[in-house]
Structures are given as C-alpha cells and as structure tokens.
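Remarks on the structure that follows.
The values are calculated or read from the model by the stated rules, or taken from the named source; none is laboratory data. Since we're looking at a predicted model, the values are computed, not measured. Glycine gets a Cβ as well: all are built from the backbone with ideal geometry, and neighbour counts include every protein chain shown. SASA here: full protein model, heavy atoms, side chains in, ligands and nucleic acids out. Shrake-Rupley method; radii C 1.70, N 1.55, O 1.52, S 1.80 Å.
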Amino acid sequence: MDARTAALEIMNAAIESADPYAAVRRSLRVAGDRLMVSGKELPLSGRVYLLAFGKAACAMARAAAGILGERIEEGVIVTKYGYAEECPKTERLRVIEAGHPVPDENSLLGGKLGLELAEKVRENDVLLVLISGGGSALFLLPESGISLDDKIRTNELLLRSGAKIYEINTVRKHISAVKGGKLAKRVRGTVVSLILSDVVGDPLEAIASGPTVKDPTTFKDAHRILRLYGVWDKLPESVRRHIELGLEGKAEETLKEDLPNVHNFIVGSNTLACESALAKAEELGYNALLLTTTLEGEAREIALAIGSIVQEIARYDRPVPRPAVLIAGGEWTVTIEGEAGLGGPNQEFALSIARKIAGLDAVVLAVDTDGTDGPTDAAGGIVDGRTLGLLEKRGVDVEEALRRHDAYHALEKAGALLKTGPTGTNVNSLIIAVVPKGL
C-alpha cells in the first residue's frame, strides 16, 4: 500500500470511530429494567424522556430511539438548519432546526422546550441528554429579563474583545438558565448525558457550556472577565444587572457539586479518534506514534514543528523507525490581519508543512473531522515531498499564499485539497503523517 492510500485509510478509521450514531449504539443498551451505559448499570423503572441538541443531535437521537423504542415517552431534538434529515420520524419527538453559530428564535424555543421537558421528569424517570458540538448556540435560554438580542450582543462583544473561549463560556453560563449545570438542577429523576466532545482535552464543563455538569466558575469570575477585557460598560443593561444580582447573591449560581442522580459519559472525542487511527496504522504494519490529542496553536507554526519530526524520521529513524506513522489531534488556528484569501487552519497547516517535507518520501494530511475546514468545501489538505516543487512549477508563491492566508487556491493547483464531504461528526482536527520504509 502506498503512503497516500495508507494516510487516507487511517484518517477514515479515525472519522468512523467518531460517528455519532455508532457512538451511541456502542455506549447504550437496555437489559430488562436496567439501562446499561458504558458499563454502568442504572435502574429503568419509569418513563424515558429524550433531549438532544447539537449538530449531531439527529444521528444520536436516531440511535437512542432504536435502542429504547416505545420506552421513550417524549422528546425534543434541536439541531442546525439543514441537519434534520437524519432525525427519527416519530410524533413523540419534536424536531427544531435552529441557528448556528449565531443563535436565533428557534434556539430560544429549543431551550424553552428542553427545560420544560426536564421539569416533567419524575423521580423514577430517566432524562437521556445527547450533547454534541454546536449545542451552546442551538440550545439557548437566557436568564429572566435578558432578551435574545441582548445575549447575542454580549457574545459579540466578548468574541471581539480577545477573551479566551473558557472566559467567554464563564460569562455565557452566568447569563443562561440552562448552561453551567442548571439544566441538571431542574431534574428530579435520573439524568444520563451522552456527550460527543468537540473541545480539546474533553473538559465536560466546556462542551456546549456544560448543561449537565458542575461549574467551577462564579459570578465574580464573570464580572472580572468583563472588566478585564473592557466589555462591562458596553454590555446591555439587562446583562449587567443580572451579573450585579449574582454578585449580591440574589441570582442563581451555576451548579457547584456533583449530583448523585446525574451521570455524564464521553462517547466520542478527538482522543478516541486518535486512538482508532493508531490502531489502524498498526494494523497496516506501521510503527505508529500518537504524539498528542491536545495540540493547539498557530497552524503554520505547528506545521514546522511536525515537519521537523517527519524529517527526523526520514533521515534518522527516530523517534520512531520507518515505516512510521505520526498522529496528532487538537485544534489549531489562523490569526488573520487585514484582508485574507480562502482557506482554513488545516489547509494552512498542509501548505506550510509542504515546505518542511520537500524532497522527502513522506505524506502528511490535516483534516477537520466534520468535513469542513474554514468557509470552504474542503476538509483540509494532503501533501507530500513533491508538492512544493509542483506548486513552484505552476507559478504559486507559497510564502505569499501563506501571508495572504490563501491556502485553498494554492493547494487546489497541486491537487492537494482533501475533500470528504460532511461526515456527520465533529471531534476537532487530526494530523496524520506517513513515512514509508523507502528503497
């Protein structure tokens, strides 16, 4: 098998392992009056209510409906516009398509109906919550007195402020009626959450802003962040007033302790995808090394670092001897200043690493597991030791393309775009490098 084919097979194995339908089928089953979840047994004596939200909500709900069947009393599914085709077709499950990444009135409706559903659950009942990427925008319910427009305006201010994502989430949780464990606090019965993680490192409280998970942050933290980034005085009055009430102890805090009736399970993640890639590479006869599942940073700089390791393998058979496969997962970024061309972080990584592996017998790909890298129809890029020379022959100035963040058009000229189409899942990005034995 040639190196390119091997890289693609390893990638496909990783993406298939993160399939949301298969993840639920693998993790959930019923045995009499017991619910078996990832090896844990829970009583199943009452009704089952189903709440699913996120871009993979329909596939996850379809799997759950196939397992639980008539046991499901009622349910609400909230997903992105155009993603409802895979939803189970039954009158018991209400499907709502809503806005992402910018929430809309349907996101608000999803949050309202989801909270109402949670409050119907009695002590002997089970609320099965299926959470996937995009859930924070799709499942939305601001605290009383805060409008949807005020929530959106606050989010815009934070995104422009330079605040880190965990800091933004801290504020989001403290103006939400469902995030930060507040959904779980409303449930009298058993809560079982199956979670498809799209966050590096899989911190439960960060995925969809943790509606069923305890939250370590406070109103004081939210207030400090808003002050730190110069957002406080620009906030809508309703949001500022709610934070002030929280500081005074007059507004509900997020969940602060583990609840005995709440059980959270990661059923799909970048870690599991990388481990599946590792297993596939070994099955194909390669010496495989999983570098990390928490890789973050600027795409072109990460490319130089990974490219250096590929060089070391190709020249000195270390840190792993040929035939070798390197695997890394995480989420890399592109910082744009001024006008930019077309591309995404994985395409920029691929174009950048093409410089470092020029002339080597090696293939490297970078892929966003949801099949969409940036605002393009490509999932990423796949390059080898000949790519740089081919680009130069076709008149592409690689350094200029990188400076303009126009990786898409550069890779297109080399036939190096990686197009998978929508995959139905999202567990961040993967890098796979294959260095064959050679002659």
Exercise for review: With the checklist (1) polar (S, T, N, Q); (2) open to solvent by 10 Å² or more (accessible area, probe 1.4 Å); (3) free of Cβ contacts under 8 Å to residues at least 60 places away in the same chain; (4) farther than 27 Å from Thr372 by Cβ in hand, flag the one item Asn155 doesn't pass.
Suggested key: (4)
Check your understanding: Has the stretch 388-410 got at least one residue that is assigned to a loop (DSSP other than H, G, I, E, B), within 25 Å of Val199 (Cβ to Cβ) and out of contact with any Asp or Glu (no Cβ under 6 Å at 6 or more places or on another chain)?
Key -> yes
Practice item. For residues that are farther than 14 Å from Ala177 by Cα and surrounded by fewer than 16 Cβ atoms within 10 Å (Cβ to Cβ), tally how many sit in the stretch 138-152. Key: 1
Revision key, fill the gap. Filtering the stretch 214-244 down to residues that are more than 19 Å from Gly145 (Cα to Cα) and not in a helix (DSSP H, G or I) yields Lys214, Asp215, Pro216, Thr217, Thr218, Tyr229, Gly230, Val231
Point to revise | Entirely in the stretch 248-365, the helices (runs of 4 or more DSSP H) that have 3 or more residues that are more than 30 Å from Ile195 (Cα to Cα) and either touching a Ser or Thr at 6+ places or on another chain (Cβ under 6 Å) or open to solvent by less than 10 Å² (accessible area, probe 1.4 Å) (or both) | key: 299-316, 345-356
Practice item. Within the stretch 140-154, work out how many residues are part of a loop (DSSP other than H, G, I, E, B), more than 21 Å from Lys80 (Cα to Cα) and either β-branched (Val, Ile, Thr) or under 25 Å from the mean Cα position of the chain (by Cα) (or both). Key: 1
Point to revise | Per-region count, the stretch 91-108, residues open to solvent by less than 50 Å² (accessible area, probe 1.4 Å), hydrophobic (A, V, I, L, M, F, W, C) and not in a helix (DSSP H, G or I) | key: 3
Review point. Which of the residues that make up the stretch 79-136 are within 24 Å of the chain's Cα centre (by Cα), closer than 24 Å to Leu204 by Cα and charged (D, E, K, R)?
Key: Lys80, Lys112
Exercise for review: Could you check Gly421 against (1) at positive phi; (2) open to solvent by less than 10 Å² (accessible area, probe 1.4 Å) and say which number it fails?
Suggested key: (2)
Point to revise | Which listed residue, of Pro203, Pro211, is in a loop (DSSP other than H, G, I, E, B) and surrounded by fewer than 20 Cβ atoms within 10 Å (Cβ to Cβ) | key: Pro203
Exercise for review: Return a yes/no flag: does the stretch 369-378 have any residue that is assigned to a loop (DSSP other than H, G, I, E, B), closer than 20 Å to Lys280 by Cβ and open to solvent by 40 Å² or more (accessible area, probe 1.4 Å).
Suggested key: no
Check your understanding: When both residues are 6+ apart or on different chains and their Cβ atoms are under 7 Å apart, which pairs have a first residue that lies in the stretch 27-47 and is in contact (Cβ under 8 Å) with a residue 40 or more places away in the chain, and a second that is in a loop (DSSP other than H, G, I, E, B) and crowded, with 17+ Cβ neighbours inside 10 Å?
Key -> Val30/Leu44; Leu35/Leu44; Gly46/Asp125; Gly46/Gly189; Arg47/Asp125
